[in-house]
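Laboratory data are not the source of any read-out in this text; all were calculated from the coordinates shown. Treat the numbers as computed from the prediction; the structure is a model and nothing was measured.
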Amino acid sequence: MNLVRLGYIASAVVIVLLLLAPQISPHIGLDISIITEVILFAMAAMSVNVMFGYTGLPLFGSAALFGLGTYGVSLSIKYLHAGLVVSILIGVLLALFGTLLISWFLLRRRGIYFGLLTIAFGQIFYFVAYRMNDVTGGEDGMTFRRPPFQLGNFSFTFHDTSLYYLSLLIFLLTLLAFWYLTKSPFGHTLVSIKQNEVRVRHLGLNSDSFVLVALLVAGAYAGLAGALYATSILFTFPLELDWHQSGDFFLMTVLGGAGTLWGPLLGAFIYVIGKEVISTITPAWEIFLGGIFIACVIGFPRGILGSIISALAARNAVERGDAPEAEPAGISA
């Protein structure tokens, strides 16, 4: 079968399953809030995918931007009494502001130094939230009530299922925007920067400008995911900014397949569901989950989805007797 057509079919199947998740999840012993966490973590992992999967820069501190989104929501609701939409927008804007704040330093470094700087700034944000007890609640975090959505005289209160569908709608829209971005000339330039930034500069393009825009896109994705996550669990705490959380997002991306469209979702699904299932069996769930990750990395060096796509492309090329065709739209971007 043509890989492009297969990609669209697989994408349609995944979307249908996501739409039916509230009906399916009770039959497999999962609360719908767990599935909400999967898609929001996948959205956060997309920020890593933009920078690492396409631009080739390791965003090790993505949780800093994710956490700024969570604190933007909680602080605006608690102190400004903002509504649902306004608080989410404030969370995204705070993440974008944090991205701009650190971008001046990040643009001067590449490779592992870029990644280490993102961790360092993430830990700065973490300790600020940890120490500001009077504002953020410090180590104990802060709880808040989810405000209703209001439009004129219309008011609607989101519960678990309706919040899932809201998160799913936003996730699919951001996924569509991500697909369009990576297929655009801008996306192709990011891939060129990953492959050979010196050549991009010799062509007269300012690679720093492209990296800056990619950083802002990554910050928007992470901030939006964090804002929605805060409205889902109604709680914000400093560990959402910590480097451990950043490692989880990076692992999800690499596990599912960096540089693919659906890879972050697959990685988030394996991580979140694996954690929920294994933790009910043994308190040493992290050891077993780590073993699963090691096995997946060894068995799928390009990530699960990336390795499958490469294998299918190679097989089709052998059958046709020519070079492998491009990765299918809808599966890989």
Which log10 I(q)/I(0) values does the chain give at q = 0.07 Å⁻¹ under the Debye formula, counting every alpha carbon as one identical point scatterer?
-0.29
If I fit a long axis through the Cα atoms of helix 285-299 and take the longest principal axis of the Cα atoms of the chain, what angle between them do I get, 0 to 90°, rounded to 10?
20
Rg over Rh of the stretch 1-52, using C-alpha atoms and the Kirkwood radius, what does it come to?
1.09
Reduced to Cα centres, the span from the stretch 92-130 to the stretch 15-91 in Å works out to 19
Over the stretch 48-133, what number does the Rg to Rh ratio reach, with both radii from the alpha-carbon atoms and Rh per Kirkwood?
1.03
If I build a Gaussian network model for the chain, linking alpha-carbon pairs within less than 10 angstrom, which residue out of 193, 281, 298 has the largest mean-square fluctuation?
281
Taking Cα atoms only, Rg over Rh for the stretch 26-80 with Rh from the Kirkwood formula is 1.13
Check cross-link reach from residue 183 to the aspartates and glutamates: straight Cα distance under 14 Å, and skip same-chain residues fewer than eight apart.
327
With springs only between Cα atoms under 10 Å, which of 317, 82, 120 fluctuates most in a Gaussian network model of the chain?
317
Globularity index of the stretch 154-229, i.e. its alpha-carbon radius of gyration over 2.2 N^0.38 Å
1.50
For the chain, modelled as a Gaussian network with Cα springs under 10 Å, which listed residue fluctuates most, 220, 314, 258?
314
Expressed as a whole number of Å, what is the distance separating the alpha-carbon centroids of the stretch 272-296 and the stretch 146-167?
34
Rounded, prolate or oblate: which one fits the stretch 1-154, using the alpha carbon gyration tensor with axes a ≥ b ≥ c (rounded when a/c is under 1.5, else prolate when a/b beats b/c, else oblate)?
oblate
Largest first and rounded to whole Å, the semi-axes √(5λ) derived from the alpha carbon gyration tensor of the stretch 109-254 read 33, 23, 12
Taking only the alpha-carbon atoms of the stretch 184-309, what semi-axes of the equivalent ellipsoid follow from 5 times the gyration tensor eigenvalues under a square root, in whole Å, largest first?
32, 20, 11
Estimated 222 nm signal from helices in the chain, with DSSP H stretches of n ≥ 4 weighted -39500 (n - 2.57), rounded to 500
-23500 deg cm²/dmol
